[in-house]
Structures are given as C-alpha cells and as structure tokens.
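The next block holds one structure in the form of structure tokens; read it before the comments.
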Amino acid sequence: MTVQRKLKSKIRTFAPTVIDRLQIALGRHDKTYGGEFSALAQILDSLKISEVIEFVDIGAGDGFNMSIAFPLSKSFATRGLLIEPNVKQLEFARRIYKNKDFSFCSEFLDPVNISDILKKFGFLNPTYIKIDIDSFDLDLLRGILHSHILPKIFSIEINELFPPPFKFEVKYKGEIVPCTSPLFGCSLQSVVDLATEMNYSLVSLAFNNAFFVYNDSMRGDLKSYNSKSRLLYEIGFLNRNWRELFPWDIKYEHWLKASETQLDRLVKKHEGFDEARMIIY
C-alpha cells in the first residue's frame, strides 16, 4: 500500500465507524485496493484448494482497512499470521480476529530474519504470502524464497510507475527508510525475473498487486505471463482506470510513456533517488 493511501486511511484505522463495526460483525467488509482480493479468490478457485489456507500478511496494517486478511478469512477456512510493526494497528487486528486461528507479529523484518520469524510461528509451507512494505519488498521476497519457504501463491505490491521491461528496486541496507517519493518498492519486471528463477509464474495483476503461482501448483485456466509481462501490465494496470485509483501518479504519467533510456534518466534525476539503496538494471 502506498504512503498516500496509508495516510488517507489513518484516521479510520483507529476509529472505525458504526457502519464499519456492523460490516465487521456481518462479515461484509472488503476494502482491498483495486480488486486485490477478487484476483486472489479467482486463483484459489482455479487451484481448487480444499485444505485450510495458511497465509502470511506482511505489512498487514490494521487487518481491516484495505486488508486482504479480512475478506480472505470470511470467505475461506484460514490460519493466518499478520505481521505489522505498528503496534496500535496490530492491536486493532488482534481485537478483530480474537476468535480466529491467527498469530500476530510486530517485529521489524529484514531479508535475514524473515525465514526465522516464519519458522517460529509455524508457517513453513504457507498457501499464500502477501508482501506490501513500500520499501525493500523484493529483497524480503528473496529472503523467503531462498530459504526454501515456497508458498503456492505469493503477491507483492509493485511500483506501477515502472512498466516492463524496466527494472528497479529498493535494496535493504540495514535499516527501513520510509517511502517519501514515487521511488519505492520494485518494478514488475524485477519480480518476474526472481519468480522465473524460483519456478513461479506471473498469473495476475490487479493494478499494482502482482500474483504468482508456483509452477508445480499451476492448473485450471491459469497461464503464465512471465514472457509477456508487458502485456499483463497493460491489461492489469495501464489500460484500466488507474487515474481514478492513483491520482497521485498523474504527474508522472510521462514516465509510463518513456523509453527505458528516458526512464532511467528521469529516475536518476528525481530528488528522491538514492543511489546507495536504489538500483536500476
């Protein structure tokens, strides 16, 4: 979730309205951004998963506003781990899921400790992992996959301003630096390259949330877009109503139309570019 959307939901995060409370009670609350949960539900349906869905939500927020955990837990039998360093938000999530088989973690993650944390909570073979930290998301994913924790499905928030084949990512350099510019996270192509290496297929893009399925689990009508990431980017983001959902991106619309060389130049000239922790390759 980008900083702009987090700021917009900050008040509601800690003060749910009467309608929010009623929706929680009735299980009718789905505020995932841009159809994120719908994309996941379609994948789960295609895979015909019948067992309890074990999922890990990294960057879970309060578990309610714009959260994939809430509709997932209302629609499927689940066992979940919500990871969120904001203690107030995590406490809100604890109250919502007090009767669920959920665990909660407020530790700060990095590519080194993530595998130990997942092992500590017993998520060695999760069905689904979601990553959305607006920072070194791709390095965190590397830490998971390279430690041989291989979920059937993972999703990761991409930086929608970088169309394939442009490659960009924020690297982990020993600290978490908050996103203060459009230069956050990673490009879709950078994730696809790692996914291909680790035997995963890009199967869906819900605006800026990319979904991947382990190749050994592929079935049904799912198809791989690893070699056609630009096409899926156009289908899932560029040719949709992105200006309505991402109005803060409009001033960077020229980035979407730039060549790789031009985009490289634009990124490096941006005041938020930090060559010590951001790479273009």
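Since every read-out is calculated from the coordinates, none of them should be taken as a lab result. Computed from a predicted model, the values in this text were never measured in an experiment. Here the Cβ positions follow ideal geometry from the backbone for every residue, glycine too, while neighbour counts run over all protein chains shown.
Given axes a ≥ b ≥ c from the Cα gyration tensor, I'd like to know whether the stretch 164-260 is rounded (a/c under 1.5), prolate (a/b larger than b/c) or oblate. Write out the running numbers ahead of the final one.
Numbers: a/c = 2.01, a/b = 1.28, b/c = 1.57.
Oblate is the answer for the stretch 164-260, as a/c is 1.5 or above yet b/c matches or exceeds a/b.
Beyond a 19 Å Cα-Cα separation, which of these cross-linked pairs lie in this structure: K167/K269; K171/K268; K167/K251? Mind dumping the intermediate values first?
Numbers: K167/K269 16 Å; K171/K268 16 Å; K167/K251 21 Å.
Beyond 19 Å between Cα atoms: K167/K251.
Can you compute the modelled spin-label distance between A77 and K171, with each label point 7 Å from Cα toward Cβ, in nm?
Reported label-point gap for A77 and K171 is 4.6 nm.
Would you calculate the volume per residue, in Å³, of the smallest convex hull containing every Cα atom of the stretch 153-196? Can you show the working numbers first?
Values: hull volume 4.0 nm³, N = 44.
With only Cα atoms used, the stretch 153-196 gives 90 Å³ per residue.
If I build a Gaussian network model for the chain, linking alpha-carbon pairs within less than 10 angstrom, which residue out of S181, S115, S73 has the largest mean-square fluctuation?
In the Gaussian network model the winner is S181.
With the Cα gyration tensor of the stretch 35-280 in hand, give its eigenvalues times 5 under a square root as the equivalent ellipsoid semi-axes, listed largest first in whole angstrom.
Details: eigenvalues 155, 88, 60 Å².
For the stretch 35-280, the semi-axes come out at 28, 21, 17 Å.
Rounded to the nearest 500, what is the chain's calculated 222 nm mean residue ellipticity when only DSSP H runs of at least 4 contribute -39500 (n - 2.57) each, over all residues?
Working: 13 runs with 99 residues, N = 281.
The per-residue figure over the chain is -9000 deg cm²/dmol.
Pull up the DSSP beta bridges for the chain and report the antiparallel fraction as a percent, rounded to 5.
Working: 15 of 33 bridges.
The answer is about 45 percent antiparallel.
How high is the relative contact order of the chain? Use alpha-carbon pairs under 8 Å, at least six apart in sequence, and give a whole percent. Can you show the working numbers first?
Numbers: 467 pairs, mean separation 45.8, N = 281.
This gives 16 percent for the chain.
Just the projected area, averaged over all directions, of the convex hull on the alpha carbon atoms of the stretch 66-165: how many nm²?
Working: hull surface 28.9 nm².
Value for the stretch 66-165: 7.2 nm².
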